[in-house]
Amino acid sequence: MIAGRIPIRTHLVTEKDDIVDVVKKYTGDIAAPGDIVAVAESVVAISQGRIYLSDEVKPGLIAKFLCRFPGKEGSLAAPPSMQVAIKETGTARFLLAVAAAGLGRLVGRRGDFFRVAGSDLALIDDFAGTLYPFDRHIVLGPKDPQKIVDRIKKETGVDAVITDVNDIGNVDILAATGGVDLQALNSFLKDNPHGNDDQQTPVVLLVSAENMRELLC
């Protein structure tokens with residue numbers, strides 16, 4: 001049973017880091033079996049080098065046209081982000097997804113774009129969403145998130161999840177080790193304790209009741 005949470009401040013994680021080593025370094029002295037390590041998906045992707053400097057992306061005509069359609073708050077609303085999404089998906093599949101989305105809306109159905117293009121595109125974070133120097137980067141979703149959490153569990157003995165949480169209370173668990181009660185995590189993550197800005201707390205330790213008593217003694 002989770003009794004509390006501890007946001008963990010880390011150094012600035014870059015593509016030179018192994019995110020599992022980062023977790024071990026900053027939670028090794030306080031985490032214990034029964035706890036859960038929650039890692040923000042954006043910092044996992046950054047450690048994997050899954051980033052594009054927006055100024056170096058050259059949007060094509062398709063990207064410049066299609067970026068007008070997502071809402072202004074969407075991650076694909078800027079031409080560079082849209083171009084990265086097209087590159088990741090492939091032009092033919094991307095255009096097929098756009099057509100599917102248009103047809104779906106005609107019959108009152110939403111979500112067809114990501115069903116065809118791939119749900120990973122929903123994880124793209126537009127620039128200005130993270131701490132300097134990544135505030136001018138487009139950050140993709142992490143690769144093989146299940147392998148990451150499995151490694152954390154194997155090397156630390158602590159369960160782990162990779163999360164995509166926004167500031168309006170939407171919680172999405174991208175990967176989790178076995179035995180984690182995903183539904184129970186919502187209340188501990190809903191207000192987004194991950195800090196990807198000046199807080200620099202991309203790792204949050206969800207502490208079990210037993211370990212909480214040990215830490216407070």
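Here, each number is a calculation from the coordinates, and none is a lab measurement. All figures in this text were calculated on a predicted structure; none of them were measured in a lab. Cβ coordinates were reconstructed from backbone atoms using ideal geometry, including for glycine residues, and neighbour counts include every protein chain displayed.
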Quiz item: What does the chain give for Rg and for Dmax, in Å, if only its C-alpha atoms count?
Solution: 18.5, 62
Practice problem: Return the percentage of antiparallel bridges among DSSP beta bridges fully within the chain, rounded to the nearest 5 %. | Solution: 75 percent
Exercise. Give me the Debye-computed log₁₀ of I(q)/I(0) at q = 0.11, 0.14, 0.23 Å⁻¹ for the range 51-139, equal point scatterers on Cα only, no solvent, two decimals.
Key: -0.29, -0.47, -1.16
Quiz item: ASN166 versus ARG110, label points 7 Å from Cα toward the beta carbon: distance in nm?
Solution: 1.0 nm
Practice problem: As a check on your grasp of the helix formula, calculate [θ] at 222 nm for the chain: sum -39500 (n - 2.57) over DSSP H runs of n ≥ 4, divide by the residue count, round to the nearest 500. | Solution: -11000 deg cm²/dmol
Practice problem: Using only Cα atoms, locate the centre of the range 90-111 and the centre of the range 36-77, then give the distance between them in Å, rounded to an integer. | Solution: 20 Å
Self-check item: Packing-based order for 56-69, 12-25, using average beta carbon neighbours within 10 Å, highest first
Solution: 12-25, 56-69
Quiz prompt | Lysine pairs in the range 1-102 with Cα atoms under 25 Å, if 8 or more residues apart or on separate chains | solution = 8
Quiz item: ALA184 to PHE65: FRET efficiency via 1/(1 + (r/R0)^6), r the Cβ-Cβ distance, R0 35 Å, to the nearest 0.05?
Solution: 0.20
Quiz item: Which order, highest average first, do 168-179, 31-42 follow once you tally other Cβ atoms within 10 Å for each residue and take the mean per peptide?
Solution: 31-42, 168-179
